[in-house]
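See structure below.
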Amino acid sequence: MNDYGILSIIPPILTIIVALYSKNVLLALACGIMSGSFILADFNPFYAMLNVMEDQVLKEVANGSQVQVILIIFIIGGFVKLLEVSGGASAFASKLTSIVTSKSKAQLLVWLSGLGIFFTDSGNSLIVGPLYRSVFREFKICKEKLAYILDTTSSPISILIPFIGWGAYITSLIDKSYAEIGLEENAFSVLINVIPYQFYAFLALATVPILIFTGKEYGPMKRSQAQFIASLNEQDNTEHADDALQTNDQLVPVATEQKISIFLYPLGIMLLLVGGLIIWHATHGGLSSVHIRSTLAIAYLAASLTCMEMMRRHQARTYTESLGIFIKGAESLVYISIVLVLAWSLSSVTKDLHTAEYLGSIISGKVEPMYFPMIVFILGAIISLSTGSSYGTFAILMSIAIPVGFELGASMYLTIAAVLSGGLFGDHVSPISDTTVLASAGAECNHLSHVTTQGAYAGVTGLVALFAYGLAGVYESAYVLPIAIIVLFIVMSMMMKLFGKRL
């Protein structure tokens, strides 16, 4: 194995710097991939070019699971477009705004919906986001806030559920690491005992209702919200009607009960199939990632066909017209798919450079056991931020942190929890994370705008989580979690009082 040392961290760092400077995520990802390939090719331009195309980009495009994700994104994009053109989405928004009477209730509804879609972190944003775009617009809440709530209720809730794919993956890592150091405790029992110490996941989920309670925004989110309201005022609130109702230079009539049904029936079919297929797979051999993806594809295709049939019956649209609308919706997500492919390619580059192993070697030195969980949390965040992969971070850091922690006499539960929380935090704020990209897609939000607005809130949550691991290192107790939540509430309230504004 080649040891690239400090060179291995150049691609992720360069990507983040270029992204923040240029505001162009495609350019940033391309720079990161190219720089990594130069290093892998010993700075030979010709071999670097071959490495980029053959060993990184095309390799990721050919990956079966990656292709499945892109296909699902296209299917969901087509379904959402059908709902918009049919008038169903705008009718749903109008109906919901008569029930949801305030900004806080609209945000709370998205948060609760996100908690309900606990079985898939990537599908969460794509399922919940399109349902509430129009609602957020009606209440003049910016897309960045929707993207933040989607992102904060995806991985943080999934990682706390031990019987889905996340739990199975983490359990396998624990089992392997425990076997290497001679510990015989059941891996599933270990994961259950670790749950109360997954501070970042719980704090991230708690941050959303705390923000809703304050009713204010600060930092980049405050600026985005102010700009969004200003843009709506300039457009006289006409953009929503144009986007949702216009197609082929014709306008669909004003919202009726018929249009509500065009939204509710396809949505009902989709949710029924998702729930039914998930239960079926869970009781017939277990629920895997490919089962989740096939479930989403089947459910959204069936919902799309239902919507097409209702548009034929009630709006006299032919299947050919509806198929054209579906394809147009899929085309609108080509950009997001390109971002995903490049993000996966950069992750592949960092894997070939052994970026995570290099960062993991930082903790190989002797430290005090009480400080070990804090160090693991920080390192996990750095690795995940740099690679955009919480799964990859878990795999590398679990195999390092558990043996080192065992030698130091550190708490195994806290050590494992710190690996999970650190990886989750870094993934949450990473611009190259697939869940971050999908949250932007679900909200139809500018990706870099989502990253910067989310970072101001997630950063505070991460600091409180770091404090919690410091406190737990001294007093290992499940009571640290409620203390951390209280501290988070106080800190967020102070931030809003000092820097926040109600918009």
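Annotations for the structure displayed:
- Among the GluC sites (Glu not before Pro) in the stretch 169-199, those located in a DSSP loop and surrounded by at most 16 other Cβ atoms within 10 Å of their own Cβ are GLU184, GLU185.
- Simple label model, 7 Å out from Cα along Cβ direction - ILE181 to THR318, nm: 6.8
- Computed from Cα positions, the angle between helix 25-40 and the longest principal axis of the chain comes to roughly 30 degrees.
- Ranked LEU160, LEU272, LEU191, criterion: other C-beta atoms within 10 Å, fewest first: LEU272, LEU160, LEU191
- Label-point separation in nm, ALA282 to LEU463, each point 7 Å along Cα→Cβ: 3.9
- Cα gyration tensor, the stretch 410-503 - rounded (a/c under 1.5), prolate or oblate: oblate
- Scaled to the globular estimate 2.2 N^0.38 Å, the Cα spread of the stretch 287-326, given as radius of gyration, is 1.47.
- With loop membership from DSSP and a limit of 12 other Cβ atoms within 10 Å, the longest segment of the chain without trypsin sites (Lys or Arg not before Pro) is 1-365.
- For the stretch 448-503, the Rg and Dmax computed from alpha carbons only, in angstrom: 13.4, 41
- The three principal axes of the C-alpha atoms in the stretch 264-338 carry coordinate ranges of 43, 33, 17 Å, sorted with the longest axis first.
- Inverse mean reciprocal Cα-Cα distance (Kirkwood Rh) of the chain, Å: 23.7
- Summary value for the chain: 26 percent relative contact order, contacts being C-alpha pairs under 8 angstrom separated by 6+ residues.
- The stretch 100-216: radius of gyration over Cα atoms, expressed as a fraction of 2.2 N^0.38 Å: 1.28
- Farthest toward positive dipole pole in the chain [+1 Lys/Arg, -1 Asp/Glu at C-beta], among VAL376, LEU471, PHE202: PHE202
- Using the alpha-carbon positions of the stretch 321-474, Rg (one decimal) and Dmax (whole number) come out as 18.2, 67 Å.
- With Cα atoms, 0 to 90° folded angle of helix 257-282 axis to the chain main axis: 30
- Sorting the Cα pairs of the stretch 179-223 by distance into bins of 10 Å, from 0 upward, gives 20, 30, 21, 15, 13, 1 percent per bin.
- ILE229-ILE483 pseudo-label distance in nm [points 7 Å out on the Cα-to-Cβ vector]: 3.9
- Between 0 and 90°, nearest 10: helix 199-214 axis offset from the chain longest Cα axis: 40
- Rounded to the nearest 20 debye, the dipole size of the chain about its Cα centre is 1520 debye, using +1 on the Cβ of Lys and Arg and -1 on the Cβ of Asp and Glu.
- Local electrostatic count at LEU323 - Lys and Arg +1, Asp and Glu -1, tallied over other residues with Cβ under 15 Å: +1
- Relative packing of 458-469, 198-209, which averages over residues the other C-beta atoms within 10 Å, highest first: 198-209, 458-469
- For the chain, calculated [θ]222 nm from helices alone, where every DSSP H run of n ≥ 4 adds -39500 (n - 2.57): -25000 deg cm²/dmol
Rule-based calculations on the coordinates, nothing more; no lab input. Predicted model, so just to flag it, every value in this text is computed and none were measured. So basically every Cβ, Gly included, is an ideal-geometry build from the backbone, and we count neighbours across all protein chains shown.
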